[in-house]
Amino acid sequence: MSSSNELDLNAFVDGELTADQQAEFLEAMRDDPELARQACELGQLKAQLRLAYASPPPPRLRGGARVGASWRAIAASGILLVLGVVAGWLLPDDVERNRFVVLDADGRGQTPATAANDETRIVFHLTNADPLVAAELLDEVEGMLAAYQADHRPLRVEVVSHSDGLALLRQSLTAYGTRIHELAQRFPNLTFVACRNTIDRLRVERGIEVRLVPDAEVIDSGVNHVVRRQKEGWSYIRV
Amino acid sequence: MYDRQREFRFAWKCPLWFCFAGLVGLLVWTGAAYAAPDSARQQVVYHISDGDPDRQRSALRNVANHLNILGDDGADIVVVLQGDGVTLLLRPDAQPQLPGGLSANATGEVRIGIEDLRLRGVRFEVCAHSLARRGIDDDRYLLDVDPADLVPSGIDELVRLQRAGYTYIKP
Amino acid sequence: MTRYLKFLLAGLIGLAVWTGATAAETGSAKQKVVYHINGDDPKQQVGALRNIQNHINAVGKDNLDLRVVMHGNGLSLVLLPDALKHTKGFKNANADAQQQAAIDNLKIQGVQFKVCANTVKGRMVNASEDLYDFSEADIVPSGVAELAILQSQGFAYIKP
């Protein structure tokens, strides 16, 4: 394509040709399908650029009849409107679902990652101190992690313990410190989370300095964490 | 006038218009997808993991009340029995198999309640894993459970249903 | 003509971007949460109310739309002790002075307490006299149906 044609092409797409020039250009396009295709592609590209820079430069004032521009402008505005609305609708949702949070400032816990769409994410909410309940939970969790690993299916599991459930993660009370450590070593996609509110309350109300098993992460508010996970698309299981 | 007509013809040949039509279609489709959950039947999964007969009875009552509000055709309700919750569907002759502290609860009022809910379209799924853990390895101890409703893992099933759009309630 | 269309175009883009942004904002700014209470253990109820307060402290009351849905034994959370005599099926009525203060405190921060009409009817509760600080707007036809409806409206579910 000659450079003069290229100039014409740009002017045509911008709707800056006079009526006569336009007619001439349209004639050229009819004979040259490649030119027609480029005109359309350039039109789309410009439309996308205008979306990226939300306010386009002010239109240059020029004389002359520009009858034909309305069709392109309507098409472009329609596309942009639709793109804007669709993007506004879809983007936040996706961003929300695919975000992972590192649980503490030292970078422990699960690394931030973009979740694959088929990744299964489960947050177990433990508020019960019964060791039998905890034992069954650990067996379930281990069984699931092993099965998903064997099938190469992505999975993330968090066990959030608060109130009486904190017993599972307390050094002095837990019956499963070693088991928790083994599980945490074996499965990087498993995290045990303790609620700081519960820890603080035990100190204030009962003078207990809680010592956690080394594999436990601490989060400010257990319930808030569970809510956030649900908003991020995790499945919720109350133990 | 002549110019305008020519340009009109050209406009229909331009792929831009196809893109536009496609995007409008996409928008309509997206809108429909967003609107759909409101008009569709409510999908709810109840998770029962408690072996206490009183709590189980009240859970059945919750499900019945829920159906009363929505109408039998207005809801798709699945009850997943997991952990000690599996005792809800155990016939009395399972009692000798069970560890201490657990009772086989599919008897009397509870049994009637279960059968009534089944007639109204409620599905009861039982975790095979939890049954085995409690010494139950034969489905003759269960109250008419379809083999398809004996799921390998209750937790996995709860996750699967939630991912399929079911709302989770733990009564 | 083209000039006006360009202005219109710019306006439409602006509108689309703004709409998208507002939708995203209202979608995530206010956290919607429903707490489910159906047990009558006073210790657990105190714990649940404390959970809610901690939750508000963590997120801020202006960023939360928080509902408590009570049904079955859970109504004991707002059941006045005197009501135990004539209601049916309750073992506990936990709305003593201390719990009333905790409820008041949460209500001031915007928490809504909903009670199940089925329970009210089935357990012979005279809602306006037996339940602490009750108003007609607090009643929902079915507690569990309300939990499902709220979740379908984007509320996260917590069983404390």
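The values are calculated or read from the model by the stated rules, or taken from the named source; none is laboratory data. Being a predicted model, the structure only gives us computed values, none of them experimental. So basically every Cβ, Gly included, is an ideal-geometry build from the backbone, and we count neighbours across all protein chains shown. Heavy atoms of the whole protein, side chains included, go into the accessibility calculation; ligands, DNA and RNA do not. Shrake-Rupley method; radii C 1.70, N 1.55, O 1.52, S 1.80 Å.
Per the accessible-area calculation with a 1.4 Å probe, the total area buried between chain B and chain A rounds to 3500 Å².
For region A:120-238, the fraction of 1.4 Å probe accessible surface lying on carbon and sulfur atoms is 48 percent.
Between A:GLU34 and B:ALA164, the modelled labels are 5.5 nm apart [label points 7 Å from Cα along Cα→Cβ]. Treating r as the C-beta distance of A:ASP200 and B:ASP93 and R0 as 45 Å, the FRET efficiency rounds to 0.35. Based on protein heavy atoms only, region C:30-158 ends up with 42 Å² per residue of surface accessible to a 1.4 Å probe. Across region B:92-105, rounded Karplus estimates of 3J(HN,Hα) from the backbone phi angles (6.51 cos²θ - 1.76 cosθ + 1.60, θ = phi - 60°) give x, 6, 7, 3, x, 6, 7, x, x, x, 10, 10, 7, 9 Hz, Gly and Pro being marked x. Enumerate the residues in region A:191-221 having an amide nitrogen under 14 Å from the point lying 7 Å beyond the Cα of A:LEU173 toward its Cβ. Flagged as within label range: A:194-213. Mean partner shielding of peptide B:64-72, defined as the number of other chain Cβ atoms within 10 Å of each residue Cβ, is 5. In this assembly, the C-A interface accounts for approximately 2900 Å² of buried accessible surface in total, computed with a 1.4 Å probe and without ligands, DNA or RNA.
Per-residue extension of 0.36 nm, minus the Cα-Cα distance of C:ASP82 and C:GLN53, leaves a gain of 7.7 nm for this segment. Rounded to the nearest 100, the interface formed by chains C and B buries 1100 square angstrom of accessible surface, both chains summed, with a 1.4 Å probe.
Figure note: C:SER152, A:SER70 ranked by solvent-accessible area, largest first, 1.4 Å probe, ligands and nucleic acids not counted: C:SER152, A:SER70. Take each residue of peptide C:63-73, count the partner chain Cβ atoms within 10 Å of its Cβ, and average: the result is 2. Measuring against 19 Å, Cα to Cα, the residue pairs A:LYS231/C:LYS114; C:LYS43/C:LYS91; B:LYS170/C:LYS88; B:LYS170/C:LYS159; A:LYS231/C:LYS32 contain A:LYS231/C:LYS114; B:LYS170/C:LYS88 as the ones spanning a longer distance. Among the residues of region A:135-165, those with an accessible-area drop of 10 Å² or more from chain alone to full protein complex, heavy atoms and 1.4 Å probe, are A:GLU136, A:ASP139, A:GLU140, A:MET144, A:TYR148, A:HIS162, A:SER163, A:ASP164.
Please average, across the residues of B:159-171, the number of beta carbons from any other chain that are within 10 Å of each residue's own beta carbon, and give a whole number.
Working: counts 9, 2, 1, 7, 7, 0, 1, 3, 9, 10, 11, 10, 8.
Mean number of neighbouring Cβ atoms from other chains: 6.
What's the carbon and sulfur percent of region B:41-169's accessible surface, probe 1.4 angstrom, rounded to a whole number?
Details: 2480 of 5340 Å².
Of the solvent-accessible surface of region B:41-169, carbon and sulfur hold 46 percent.
A simple rule links phi to the HN-Hα coupling: the Karplus curve 6.51 cos²θ - 1.76 cosθ + 1.60 with θ = phi - 60°, which for region C:148-160 gives 5, 4, 4, 5, 5, 8, x, 6, 7, 10, 10, 10, x Hz, with x for Gly and Pro.
Sequence gap at least 6, Cα distance under 8 Å: using those rules, report the relative contact order of region A:167-227 to the nearest whole percent.
38
Counting only the Cα atoms, region B:78-157 fills a convex hull of 80 Å³ per residue. Backbone geometry of region B:130-138 corresponds, through the Karplus equation with coefficients 6.51, -1.76 and 1.60 at θ = phi - 60°, to 3J(HN,Hα) couplings of 5, 4, 4, 4, 9, x, 9, 10, 9 Hz, x marking Gly and Pro. Multiplying the residue separation of A:SER70 and A:ILE208 by 0.36 nm and removing their Cα-Cα distance gives an extension gain of 42.2 nm.
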